Ligand code: PAF
């Protein structure tokens, strides 16, 4: 496995792979890798070469957010990637990735970016698109892999790639849960033992939603009421049924809608969601 920090070096490697006609799978991350990331790396085995980027992107953190305390575990991340047979870990530094303090701006569509996570985190998705546009241009992947847990991110990235005619397939991968059902997230590490136990209500709510949806229930009002009752002891930031453009819906449709939630436990925002018969 190669560890690359230099952008020109990464581009040279990629150019060579393109010349050889090899497909490139890309897993962008902010490090603190866990089994959720591993599942993306595994899915990316459908490519001949795999790149994982590790970059804690300052532009997607708000002023009061956890940029400085976000877990940084580069050494163990690299060991994990090596074990997974990753070809390159790309870990650029911010000065090189953002050479201009005020450069060209990428702005996510407001209708998708100012709702849900974006309502609480203004500018967050602009920051995500900003870094991904750069990383996509450097790594030039055929496919890029994202967890469905960050549903809004996945849908906005898909929109950017489609809208700008980039030949990158954005692959959404199933949520990975721990043995008690909590969706894996680097932020789970902030929870105390008690907080973790409380957070399991989220797992119970998503399980109940999945079961009801599997039995054919598609009425958003009753599904949300059921989930709200299970989540009641916790602070719910949002709990909504939406389509892939993030418009609220009353009736869920297969391959077109999902239920999204953000719940706050011990000051930690925990996301979860349930996609209705999702094939992509
Ligand atoms: O999901 C994440 O970890 C980040 O938002 C991403 C996609 C790596 C961009 O910094």
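When you look at residue 189, is it surrounded by fewer than 20 Cβ atoms within 10 Å (Cβ to Cβ) and either at pLDDT 95 or above or assigned to a helix (DSSP H, G or I) (or both), yes or no?
Yes; evaluated as a whole, the condition is true for this residue.
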Q) For residue 116, all conditions in the list (1) at negative phi; (2) surrounded by 15 or more Cβ atoms within 10 Å (Cβ to Cβ) hold save one; what is the number of the exception? A) (1)
Q. Of all residues in region 242-263, which are surrounded by fewer than 17 Cβ atoms within 10 Å (Cβ to Cβ), under 18 Å from the mean Cα position of the chain (by Cα) and not in a loop (DSSP other than H, G, I, E, B)?
A. 243
Q: Please indicate, with yes or no, whether at least one residue in region 27-41 is more than 14 Å from the ligand (Cβ to nearest atom) and either over 16 Å from the mean Cα position of the chain (by Cα) or in a strand (DSSP E or B) (or both).
A: no
Q | Which numbered condition residue 9 fails, given (1) surrounded by fewer than 19 Cβ atoms within 10 Å (Cβ to Cβ); (2) touching a residue at least 12 places away in the same chain (Cβ under 8 Å) | A | (2)
Q) For region 42-56, which residues satisfy the criterion of being part of a strand (DSSP E or B) and either within 16 Å of the ligand (Cβ to nearest atom) or surrounded by fewer than 18 Cβ atoms within 10 Å (Cβ to Cβ) (or both)? A) 50, 51, 52, 53, 54
Q) Is there a residue being buried (at least 18 other Cβ atoms within 10 Å of the Cβ) and in contact (Cβ under 8 Å) with a residue 60 or more places away in the chain anywhere in region 208-229? A) yes
**Q.** Criterion (on the phi > 0 side of the Ramachandran plot, surrounded by 18 or more Cβ atoms within 10 Å (Cβ to Cβ) and at pLDDT 95 or above) met by exactly one of 25, 31, 85
**A.** 31
Q) Scanning region 15-26 for residues that are over 12 Å from residue 50 (Cβ atoms) and part of a helix (DSSP H, G or I), which turns out farthest from the ligand (Cβ to nearest atom)? A) 19
**Q.** 1 or more residues touching a strand residue (DSSP E or B) at 6+ places or on another chain (Cβ under 7 Å) and within 16 Å of the ligand (Cβ to nearest atom): qualifying helices (runs of 4 or more DSSP H) within region 62-150
**A.** 74-83, 117-120, 124-139
Q: Could you tell me whether region 150-157 includes any residue that is modelled with pLDDT of 95 or more and over 12 Å from the mean Cα position of the chain (by Cα)?
A: no
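The values are calculated or read from the model by the stated rules, or taken from the named source; none is laboratory data. Note that the structure is predicted; figures quoted are calculated from it, not measured. For neighbour counting, all protein chains shown are included, and Cβ atoms are generated from backbone atoms with ideal geometry for every residue, glycine included.
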